[in-house]
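Let me begin by presenting the structure, written as structure tokens, before commenting on it.
The values are calculated or read from the model by the stated rules, or taken from the named source; none is laboratory data. Just so we're clear, the structure is a prediction, and the values are computed from it rather than from any experiment. Backbone-built Cβ (ideal geometry, glycine too); neighbour counts: all protein chains shown. We work out accessible area using only protein heavy atoms, side chains counted, and drop any ligands, DNA or RNA first. Shrake-Rupley method; radii C 1.70, N 1.55, O 1.52, S 1.80 Å.
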Amino acid sequence: MNTLENFDSNTSANTDTDSSQQAIKVVGHFIDGGLVTKTTKKQPVYNPATGESTKEVALADAELVNQVVEIAEQAFPLWRDTPVIKRARVMFKFKQLLEENADKLCQLIGEEHGKICHDAKGELQRGIENVEYACGAPEFLKGEYSKNVGPDIDSWSEFQPLGVVAGITPFNFPAMVPLWMFPMAIVCGNCFILKPSEKAPSAALFLAELLKQAGLPDGVFSVVNGDKEAVDTLLHHPKIQAVSFVGSTPIAEYIYRTATASGKRCQALGGAKNHAIIMPDADIDNVVTSLLGAAFGSSGERCMALSVAVAIGDEVADVVIEKLKQEMKQLKFGHYADERNDFGPLITQAHKDKVQAFIQSAEQQGAKIVVDGRDAKPAGYENGFFVGPTLIDQVSPDMTSYQQEIFGPVLQVIRVQTMQDAMQLINDHEYGNGTCIYTRDGEAARYFTSNIQVGMVGVNVPLPVPVAYHSFGGWKRSLFGDLYAYGPDGVRFYTRRKTITQRWPSTQVREAKQFAMPTLN
Ligand code: NAD
């Protein structure tokens with residue numbers, strides 16, 4: 001097992017040798033308080049900025065996942081019965097360790113995801129805020145109490161943990177999305193098994209190390225790296241009580257159907273197509289500045305990225321496009337360690353090919369490519385998975401690039417004549433994750449927030465990601481399940497209500513036989 005002092009992406013792993021005798025690191029699992037690299041299957045992990053692979057991730061088979069569930073099941077009773085203040089203290093310490101180890105964590109994220117350090121720090125900070133919220137467990141788990149609901153009868157509701165729960169997370173937030181889930185699950189008294197993205201697996205292992213250092217008992221938190229086999233084993237395992245998923249919509253739908261069919265509680269957050277309406281009265285310079293970050297930040301690989309600008313009227317569209325064109329010339333993209341860069345590469349070569357194909361399809365279907373990032377390559381990183389910032393005008397709702405999630409640094413502009421037309425577009429789209437309106441008109445903004453069919457809405461705020469003490473989720477095919485992620489909905493998701501009605505002293509009460517429903521009349 002490794003200590004924190006020497007943990008890095010290399011020490012999360014045993015060194016293996018391939019046929020050419022080149023050293024390859026194997027990113028393993030975190031099981032029962034230690035790193036394990038036992039594996040039958042592996043796959044390469046890339047540094048997307050260079051296109052090179054110097055490590056592999058171990059892919060757990062069903063047998064290993066079953067062992068992990070057993071370990072978690074055994075750890076559960078003691079953890080469930082640990083006083084909530086002690087569980088919260090682990091989170092306090094964990095928060096402190098996250099802050100102390102932020103640079104190391106951001107480096108791990110950069111190496112495997114490619115996002116620039118300043119962006120990784122933002123991701124981590126958002127994750128830490130979920131840990132801060134979890135520290136309030138003694139308050140939010142107090143339950144509800146009513147005295148004298150009947151003669152000498154008191155009643156209360158308490159919120160009990162579910163048992164062993166699992167989380168399956170995407171590549172694009174290797175730290176933040178797991179932190180949406182497990183601090184809350186654990187502080188509520190559950191044991192948590194995390195299956196991170198196999199494309200960016202190391203941050204999760206480091207989080208596990210920090211949790212152990214924070215005092216979490218072994219077995220309460222485990223990380224199993226893996227692919228479909230590991231996920232399916234979790235989905236079908238009878239001892240897994242609940243599954244949280246964040247990823248693409250087709251997989252979210254599959255996860256939700258499979259988990260609920262086997263009797264599990266499930267929340268599955270999916271993909272997105274987030275529109276910004278630009279009203280004629282908006283502060284256009286501000287719109288342009290904020291669109292740049294919201295569309296191209298993190299290379300557009302955010303489920304809340306603004307990927308469609310809906311301009312009300314041609315005049316607005318022309319001005320915004322002209323200003324964007326000028327500003328986009330200044331954007332820098334490249335290696336994660338260079339803080340001057342605005343964004344990094346895409347996650348894989350396959351994803352780069354897909355993003356390029358979307359741009360091509362828009363062109364073929366009649367849209368105008370105003371700024372074309374398809375062949376952009378930062379000097380020195382010619383083999384990286386880069387696509388430059390891309391701006392597409394004259395997009396229409398029948399185009400593939402509009403209907404599907406691109407998940408790349410591509411901003412599309414749609415021109416409409418009225419705000420109603422713009423809202424209709426958004427409401428008709430299959431996704432309903434985030435949206436935003438730019439305006440100075442309070443009445444328009446209020447109408448928009450009341451009537452738009454989207455879960456997270458901004459007014460002059462391009463990325464309306466709810467803070468940790470609210471909850472996160474989309475509408476329509478952006479979320480399957482009834483509860484949002486983290487915040488107050490997270491408490492409900494990771495606990496089960498039990499309501500107890502009690503009379504003392506029972507021996508002095510002589511009740512008459514009563515066959516009608518008991519009432520106080
Ligand atoms: P993905 O759906 O490919 O993978 C997510 C997870 O599912 C990974 O852990 C992966 O190993 C697993 N998985 C993939 N295919 C599977 C299969 N066939 N069976 C079982 N498990 C499988 O998503 P991704 O590419 O890692 O992430 C990008 C997607 O996630 C985008 O669509 C983005 O919008 C979405 N996302 C949504 C939110 C949100 O809060 N709504 C947040 C972040 C990302």
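Taking residues in segment 299-313 that are under 29 Å from T169 (Cβ atoms), and partners anywhere that are modelled with pLDDT of 95 or more and charged (D, E, K, R), the pairs with Cβ atoms closer than 9 Å and at least 6 places apart or on different chains are S299/K115; E301/K115; C303/E405; S307/K273; S307/E405; V308/K273. In the set (1) surrounded by fewer than 21 Cβ atoms within 10 Å (Cβ to Cβ); (2) more than 16 Å from the ligand (Cβ to nearest atom), M91 fails one condition alone, (1). Of all residues being part of a loop (DSSP other than H, G, I, E, B) and not small (G, A, S) in segment 303-319, which is farthest from Y438 (Cα to Cα)? Just the residue, please. Once the filter is applied, the top-ranked residue is C303. Checked against (1) more than 30 Å from V84 (Cα to Cα); (2) within 16 Å of the ligand (Cβ to nearest atom); (3) touching a helix residue (DSSP H, G or I) at 6+ places or on another chain (Cβ under 8 Å); (4) not basic (K, R), I284 passes all but a single condition, namely (2). Quick one: what pairs do we get from segment 58-87, first residue closer than 12 Å to V187 by Cα, second aromatic (F, W, Y), C-beta under 8 Å, 6+ apart or different chains? Every condition considered, the pairs that remain are R87/W79. Listed conditions (1) surrounded by 15 or more Cβ atoms within 10 Å (Cβ to Cβ); (2) away from the ligand (no atom under 14 Å from the Cβ); (3) farther than 25 Å from V131 by Cβ are all met by Y494, apart from (3).
When D281, D285 are screened for being closer than 30 Å to Q326 by Cβ, part of a loop (DSSP other than H, G, I, E, B) and either out of contact with any Gly (no Cβ under 8 Å at 6 or more places or on another chain) or among the basic types (K, R) (or both), only D281 passes.
Figure legend. Inter-residue proximity from segment 258-286: first residues among the basic types (K, R), second residues open to solvent by 50 Å² or more (accessible area, probe 1.4 Å) and part of a strand (DSSP E or B), beta-carbon distance below 9 Å, spacing 6+ or different chains. Indicated pairs: K264/Q241; R265/Q241; R265/R496. Note on segment 297-345: residues that are under 27 Å from D428 (Cβ atoms) and more than 16 Å from the ligand (Cβ to nearest atom) amount to 14. Could you please let me know if A512 is more than 16 Å from the ligand (Cβ to nearest atom), of a type in the set (G, A, S), part of a loop (DSSP other than H, G, I, E, B) and farther than 30 Å from A367 by Cα? Here the answer is yes, as A512 does meet what is asked. Comparison of T435, T439 shows that the only residue that is within 16 Å of the ligand (Cβ to nearest atom) and in contact with a helix residue (DSSP H, G or I) (Cβ under 7 Å, 6 or more places away or on another chain) is T435. Scanning segment 234-250 for residues that are within 10 Å of the ligand (Cβ to nearest atom) and either among the hydroxyl-bearing types (S, T, Y) or closer than 14 Å to K195 by Cα (or both) yields L234, L235, F245, V246, G247, S248, T249.
Restricting segment 177-200 to residues that are in a strand (DSSP E or B) and of a type in the set (A, V, I, L, M, F, W, C), which is farthest from the ligand (Cβ to nearest atom)? Walk me through it before giving the result.
Looking only at segment 177-200, we keep the residues that are in a strand (DSSP E or B), and these are 191-195.
Those still in the list that are of a type in the set (A, V, I, L, M, F, W, C) too: 191-194.
Details: C191: 19, F192: 15, I193: 12, L194: 9 Å.
Out of the qualifying residues, it is C191.
Filtered by the rule that a residue be over 15 Å from G163 (Cα atoms) and over 14 Å from the mean Cα position of the chain (by Cα), segment 236-250 gives H236, P250.
Taking the criterion of being within 17 Å of E112 (Cα to Cα) and either modelled with pLDDT under 95 or assigned to a loop (DSSP other than H, G, I, E, B) (or both), the residues of segment 7-41 that qualify are F7, D8, S9, N10, T11, S12, A13, I24, K25, V26, G28.
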